[in-house]
Amino acid sequence: MLDLDTKNKLKEYLSLLEKDILIKLSVGSDEASKNMESFINEVSSLSNFIKVQKTSLERTPSFSINQVNKDFGISFAGVPLGHEFSSFILALLQVGGRKPKLDDNLISQIKNINDKLNFVTYVNLSCQICPDVVQTLNIMSVINPNISHTMVDGASFQDEVNAKNIMAVPTIYLNDDLFHSGRITIEEILEKLGINTTKNFSEQLFDVLVIGGGPAGASATIYAARKGIKTGLIAERIGGQVLDTSTIENVISVKSTTGTKLASDLEEHIKDYDATIIKGHKVKEISKTDYFNVTLENNTVINSKTVVIATGASWRNLNVPGEHELKTKGVAYCPHCDGPLFKGKDIAVVGGGNSGIEAAIDLAKIASHVTILEFLPELKADKVLQERLYKLPNVKVLTNVAVKEILGTEKVNGLIYTDRETSKEHRIDLEGVFVQIGLAPNTNWLGDFVERNKFGEILVDAKGATNVPGVFAAGDCTNSPYKQIIISMGSGATAALSAFNYLIRN
Ligand SMILES: Cc1cc2nc3c(=O)[nH]c(=O)nc-3n(C[C@H](O)[C@H](O)[C@H](O)COP(=O)(O)OP(=O)(O)OC[C@H]3O[C@@H](n4cnc5c(N)ncnc54)[C@H](O)[C@@H]3O)c2cc1C
């Protein structure tokens, strides 16, 4: 199942194994089992460290990765090819003795977990964000024998996915209960388990605290740290919107990259500097006493002399009945991530701008039929995209319509829209709704702390300064007229240099 090039690369990785590995394989006589057996045999033939033993596991076909006398609780149900191939290699290496790349503080917090935690993550192999979650939970299983984790390929276990009504990946279950759906970091997992991962930070005073880890926040952090001042970065997730992007071709001097690669490059670059990274946490409030007091959602308060706000933007919600209730049950925002779950189904894309039409073109390859609903009398997307769209046989465009309600209980089964010309209501039967109506700045949490415009964007001057002395802002959360990676990086640098100047003068 592996081509020569992949085999050679895998062989190189497997030469890093330090301990013998035992793969326990649960297979039957069906086609999927044969595929899995041949995959495992191919892999084991590449290293003398790997032995295979047939057994019976909870799911067939599946396999678990263990040391010879020690079970590690890591299982894969479905052949981990596609984006999960890297999760498989990392699991082999980590069970085989290589230390996972993780902060020592987090490792000791994971080691201290005494409860039995049995995680199951449902993925699809073309999901770009799933491997992060799979790899995180695998690392937790390697560190603590009380924790186990199984990756389940939804395509190979359709009945299980349907029975659980899973319509978004990754979806994580913990001890048979729904734990989380979507991207999640190790810090967020630990917080959800009741572990405070940030208490040490409340004792420190930062010179600059950057809030947000997208291109703007990453750049601000690097620029501040290079000045030798005490720099902290709080980010719900490093990468920001870049993580929702597939190919990026306009970061000058980088001809082409992917969102995932750019996000990990940003993180690696930040780590080269002496900055404290507080990842997986959201800020909920900011106030001023002697210093700026930044409160996280877990109530830890972190103090700093200056602040750079770079919280970016997120997908805008439709705010119609059914949208919130049916999120991850047919209402989706990320076509790259969740598109494959709507294979052969009738779906809608709400929004006729560039992102909506790009999404519709992509989704039309997977879904049976795509209806596009645009509020204005005409699509707003670039002409070239519209031309491509109108060539597709399975799309229908409705303009001058307003979505009124998304229907369904357990999962989406329809949508009601109003024809704005006739005011008549219509119903479409469908199973998925992709909302693509643009982005809104992530600034509501600020309240009146800094001045914002009617769109919620923070007002900044040419130096990135807000109306509050000592508070600077950068990137998509500001009134910058263009929202792009390189522009955010530039404004992050400006804000950090301005914060440094402010510190010198005050
Ligand atoms: C689908 C898509 C494709 C795109 N393609 C391109 C492209 O090809 N080229 C290009 O130049 N641009 C592209 N863009 C735009 C580009 O991604 C953004 O302009 C850029 O990411 C903005 O960077 P930012 O740092 O300002 O904000 P973001 O990238 O939005 O980052 C915001 C950061 O703040 C964090 N955050 C938010 N709220 C909080 C909080 N309360 N507490 C703590 N942290 C918080 C987030 O987790 C994140 O780390 C694309 C955008 C999208 C959505």
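The table below gives the values:
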| read-out | value |
| --- | --- |
| Which numbered condition residue 252 misses (of (1) more than 11 Å from the ligand (Cβ to nearest atom); (2) surrounded by fewer than 19 Cβ atoms within 10 Å (Cβ to Cβ)) | (1) |
| Search result, residues across segment 260-289 that are among the hydroxyl-bearing types (Ser, Thr, Tyr) and within 16 Å of residue 132 (Cα to Cα) | 260, 264 |
| Members of segment 42-79 found to be under 10 Å from residue 22 (Cα atoms), touching a residue at least 40 places away in the same chain (Cβ under 8 Å) and of a type in the set (Val, Ile, Thr), listed by number | 50, 65, 68 |
| Test set (1) within 13 Å of the ligand (Cβ to nearest atom); (2) of a type outside the set (Phe, Trp, Tyr); (3) in the same structural domain as residue 243 (by TED's automatic domain parsing) - residue 358 fails condition number | (3) |
| Which numbered condition residue 298 fails, given (1) under 14 Å from residue 210 (Cα atoms); (2) more than 10 Å from the ligand (Cβ to nearest atom) | (1) |
| Matching residues, segment 215-246, being more than 19 Å from residue 187 (Cα to Cα), more than 6 Å from the ligand (Cβ to nearest atom) and not in a helix (DSSP H, G or I) | 227, 228, 229, 230, 231, 246 |
| Residue 134 being more than 28 Å from residue 199 (Cα to Cα) and among the aliphatic types (A, V, I, L, M) | no |
| Residues within segment 265-299 that are within 17 Å of residue 446 (Cα to Cα) and in contact (Cβ under 8 Å) with a residue 12 or more places away in the chain, tallied | 15 |
| So residue 308, is it at pLDDT below 95 and under 28 Å from residue 466 (Cα atoms) | no |
| Members of segment 255-266 that are within 11 Å of the ligand (Cβ to nearest atom), closer than 20 Å to residue 83 by Cα and buried (at least 18 other Cβ atoms within 10 Å of the Cβ) | 259, 262, 263 |
| Unmet criterion (only one of (1) surrounded by fewer than 19 Cβ atoms within 10 Å (Cβ to Cβ); (2) under 19 Å from residue 311 (Cα atoms)) for residue 409 | (2) |
| Complete set of residues in segment 304-346 that are more than 16 Å from the ligand (Cβ to nearest atom) and over 27 Å from residue 284 (Cα atoms) | 329, 330, 340, 341, 342, 343, 344, 345, 346 |
| Close pairs from segment 308-328: first of a type in the set (D, E, K, R), partner outside any strand (DSSP E or B) and within 16 Å of the ligand (Cβ to nearest atom), Cβ under 8 Å, at least 6 apart | 316/437; 316/438; 323/317 |
| Sole exception among (1) in a loop (DSSP other than H, G, I, E, B); (2) in contact with a Leu (Cβ under 6 Å, 6 or more places away or on another chain) for residue 318, by number | (2) |
| Residue within segment 398-411 that is over 30 Å from residue 206 (Cα atoms), within 16 Å of the ligand (Cβ to nearest atom), touching a residue at least 12 places away in the same chain (Cβ under 8 Å) and of a type outside the set (Phe, Trp, Tyr) present | no |
| Total residues in segment 309-326, condition of a type in the set (Val, Ile, Thr) and under 19 Å from the mean Cα position of the chain (by Cα) | 1 |
| Subset tally (residues that are over 16 Å from residue 347 (Cα atoms) and out of contact with any Gly (no Cβ under 9 Å at 6 or more places or on another chain)) for segment 383-400 | 8 |
| Unmet criterion (only one of (1) outside the structural domain of residue 233 (by TED's automatic domain parsing); (2) touching a Ser or Thr at 6+ places or on another chain (Cβ under 9 Å)) for residue 416 | (2) |
| Residue 219 being at pLDDT 90 or above and at positive phi | no |
| Residue, farthest from the ligand (Cβ to nearest atom), within segment 278-292, restricted to residues that are buried (at least 17 other Cβ atoms within 10 Å of the Cβ) and part of a strand (DSSP E or B) | 292 |
| Hey, residue 458 within 22 Å of residue 310 (Cα to Cα), at pLDDT 95 or above and touching a Lys or Arg at 6+ places or on another chain (Cβ under 6 Å) or not | yes |
| Verdict on residue 232 being buried (at least 20 other Cβ atoms within 10 Å of the Cβ), under 17 Å from the mean Cα position of the chain (by Cα) and at pLDDT 95 or above | no |
| Residue 503 being more than 16 Å from the ligand (Cβ to nearest atom), hydrophobic (A, V, I, L, M, F, W, C), within 28 Å of the chain's Cα centre (by Cα) and modelled with pLDDT of 95 or more | no |
| Total residues in segment 456-497, condition within 16 Å of the ligand (Cβ to nearest atom), of a type outside the set (Asp, Glu) and not in a strand (DSSP E or B) | 26 |
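Residues checked against (1) crowded, with 20+ Cβ neighbours inside 10 Å; (2) more than 22 Å from residue 409 (Cβ to Cβ); (3) at pLDDT 95 or above:
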position	(1), (2), (3)
312	yes, yes, yes
322	yes, no, yes
339	yes, yes, no
343	no, yes, no
348	yes, no, yes
369	no, yes, yes
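The values are calculated or read from the model by the stated rules, or taken from the named source; none is laboratory data. Just so it is clear, the structure is predicted and the values come from calculations on it, not from any experiment. Counting neighbours? That spans all protein chains shown, and the Cβs are built from the backbone with ideal geometry, glycine included.
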